[in-house]
Amino acid sequence: MTVESTAARTPRRSAGTTGTKSTAGKRPTAKKSPSGEPELVQLLTPEGKRVKNSEYDKFVAGITPDELRGLYRDMVLTRRFDAEATSLQRQGELGLWASLLGQEAAQIGSGRALRDDDYVFPTYREHGVAWCRGVDPANLLGMFRGVNNGGWDPNGNNFHLYTIVIGSQTLHATGYAMGVAKDGADSAVIAYFGDGASSQGDVAESFTFSAVYNAPVVFFCQNNQWAISEPTEKQTRVPLYQRAQGYGFPGVRVDGNDVLACLAVTKWALERARSGEGPTLVEAYTYRMGAHTTSDDPTRYRHDDERAAWEAKDPILRLRRFLEASNHADEGFFAELEAESEALGRRVREAVRSMPDPDHFAIFEHAYADGHALVDEERAQFAAYQASFAEAEGGN
C-alpha cells in the first residue's frame, strides 16, 4: 500500500529557527492504492511482505537484522506489560488502566525514530513510547494505583508526565518547541494524541501557533478509530491528516500497524522539524483492540467482526512473519523473548503489589489552600462511606 499526504506549502522560517534546508523538507508524493483500503504509507503488508517505497525506503535503508529484532522485542514486551497491567486492574491492584493493545507498532516505530535530545509529550496511553524512552514500566503504574503523580523525572528521559486532559499536551509541546527554536537547538518535539483529541480546540490552537511560529514539532495522531464510543466518521468529514493542509504544513497518513513505516515516516517528520521546515501532522491509522480504559465496555458500541478484521493486521505477527521469511530470527530468539516476557510480567506484578495502598483522603487535601466548607462536608461523607465497609466486614 502507498502514500497519501497533503499538498502544503512549507512555512517560511522564523528568526528563532536554525538549520539549513534539506531534502527532508520535501513532501513525499502520493501513489494510488491497489486495494480498497485507505491509502497510506506502508512498508510491510499484513502478511509480512516488504513493500518498496521510493520516498521512505531511505529512512530505514540502513536498518540491521539486530535492529529489526529489537523492534519486535519492544513490541512483544510492551504488549506483555500492557496485558499484565490490565490483569492487575481487574484484580483490584490498579484503579484504572488504558490499554495500548493493537497500537504497538505506531508507538514503537515512532518512539525509536527519536533522538535522545528530542522531547516527548504523551497522553495516557503511550506505554510503548515510554518504553523506548527508558521509563521503567513499574513507574507508569504508580499513577494508575493512585500512589504518585507520575513516578519519573520528565527531564531525565525527555519524556513528559502522562497527560489526562484531552489534547492539552499539544499546546505544551508547541510552546516547548517554540522555546527549542529560540534557543537555537536542533532537536525536535513530538506530541502524541488520539483521533478524539483532534476535535479539541487545544489541538486546533496548537496547529495555528506551530504553523505561524514554524515550531519544530511533530503531531503524532494515533487514529485508533474510536474516541471511547464515538467512531472517527462522526468526528470529521475528511481524513484526519488532511487537516494539516488548512494550517499550512504537511500531513501524512501511515499504516499504524506497520512498525517500519511508522519508523520511516516519523524519522522524515523529525528531520523536517530539525532542519527548520516546521511542523508535520502524522496520522497513524491503527485500531484500539481493547477497551478505551478498563472502565469501558466496547461490546456495547462495536462488533466482533470489526475487531477480527483488525486482528488479521496484527503489528507483532506482521513483523514476525517478515523476520522468519527473511531468516532474521529463529526459534531460539522467540523462545528467549518469551522467557524475558514472562520475567517482565512477574517483575511488574511484584512491583505493584509492593506499592502502598493509596491514601483515600488525599483527594481532599489540596483543593483549597485554606480549606472549604463544602470540601469538609464531602470528606466527612466519604469517611462515612469508607467506614460502612469496615462495619459490613465486622458484621460478617
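The values are calculated or read from the model by the stated rules, or taken from the named source; none is laboratory data. Because the structure is a prediction, the values reported are computed rather than measured. All Cβ positions, even for glycine, are placed from backbone atoms using ideal geometry, and neighbour counts span all protein chains on display. Keep in mind that these areas ignore ligands, DNA and RNA; they rest on the heavy atoms of the full protein, side chains included. Shrake-Rupley method; radii C 1.70, N 1.55, O 1.52, S 1.80 Å.
Side notes on the structure shown:
- Being in a loop (DSSP other than H, G, I, E, B) and open to solvent by 60 Å² or more (accessible area, probe 1.4 Å) is a property that does not hold for Asp66.
- Criterion (assigned to a helix (DSSP H, G or I) and touching a residue at least 60 places away in the same chain (Cβ under 8 Å)) met by exactly one of Leu319, Leu374: Leu319
- Condition check for Thr293: surrounded by fewer than 18 Cβ atoms within 10 Å (Cβ to Cβ), touching a residue at least 24 places away in the same chain (Cβ under 8 Å) and within 19 Å of the chain's Cα centre (by Cα): yes
- Any hit, the range 262-273, residues being aromatic (Phe, Trp, Tyr), open to solvent by 10 Å² or more (accessible area, probe 1.4 Å) and in a helix (DSSP H, G or I): no
- For the range 215-225, the criterion of being open to solvent by 40 Å² or more (accessible area, probe 1.4 Å) and not in a strand (DSSP E or B) is satisfied by no residue at all.
- Within the range 187-200, considering residues that are touching a residue at least 40 places away in the same chain (Cβ under 8 Å) and in a loop (DSSP other than H, G, I, E, B), the one surrounded by the fewest Cβ atoms within 10 Å (Cβ to Cβ): Ser187
- Matching residues, the range 110-134, being in a loop (DSSP other than H, G, I, E, B) and not basic (Lys, Arg): Ala113, Leu114, Asp116, Asp117, Asp118, Pro122, Thr123, Tyr124, Glu126, Gly134
- Checked against (1) among the aliphatic types (A, V, I, L, M); (2) under 26 Å from Leu317 (Cα atoms); (3) part of a helix (DSSP H, G or I), Leu141 passes all but a single condition, namely (2).
- In the range 144-173, the residues that are without any contact (Cβ under 8 Å) to a residue 60 or more places away in the chain, outside any helix (DSSP H, G or I) and among the β-branched types (Val, Ile, Thr): Thr163, Ile164, Val165, Ile166
- Any chance Ala61 is free of Cβ contacts under 8 Å to residues at least 24 places away in the same chain and either surrounded by fewer than 22 Cβ atoms within 10 Å (Cβ to Cβ) or closer than 28 Å to Glu350 by Cα (or both): yes
- Among the residues of the range 87-99, the ones that are open to solvent by 40 Å² or more (accessible area, probe 1.4 Å) and closer than 23 Å to Trp226 by Cβ come to 4 in all.
Per-residue answers, yes or no, for (1) surrounded by fewer than 20 Cβ atoms within 10 Å (Cβ to Cβ); (2) without any contact (Cβ under 8 Å) to a residue 40 or more places away in the chain; (3) in contact with a helix residue (DSSP H, G or I) (Cβ under 6 Å, 6 or more places away or on another chain); (4) of a type in the set (S, T, N, Q):
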| site | (1), (2), (3), (4) |
| --- | --- |
| Gly175 | yes, yes, no, no |
| Ala185 | yes, no, no, no |
| Asp202 | yes, yes, yes, no |
| Arg237 | yes, yes, no, no |
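- When each of Arg347, Arg321, Arg307, Arg300 is tested for being open to solvent by 30 Å² or more (accessible area, probe 1.4 Å), within 26 Å of the chain's Cα centre (by Cα) and farther than 30 Å from Asp195 by Cα, the lone residue that passes is Arg347.
- Residue pairs meeting the criteria (Cβ under 9 Å; at least 6 apart or on separate chains; first touching a residue at least 40 places away in the same chain (Cβ under 8 Å) and on the phi > 0 side of the Ramachandran plot, in the range 240-256; second of a type in the set (A, V, I, L, M, F, W, C) and surrounded by fewer than 24 Cβ atoms within 10 Å (Cβ to Cβ)): Gly248/Ala8; Gly248/Ala211; Gly248/Val212
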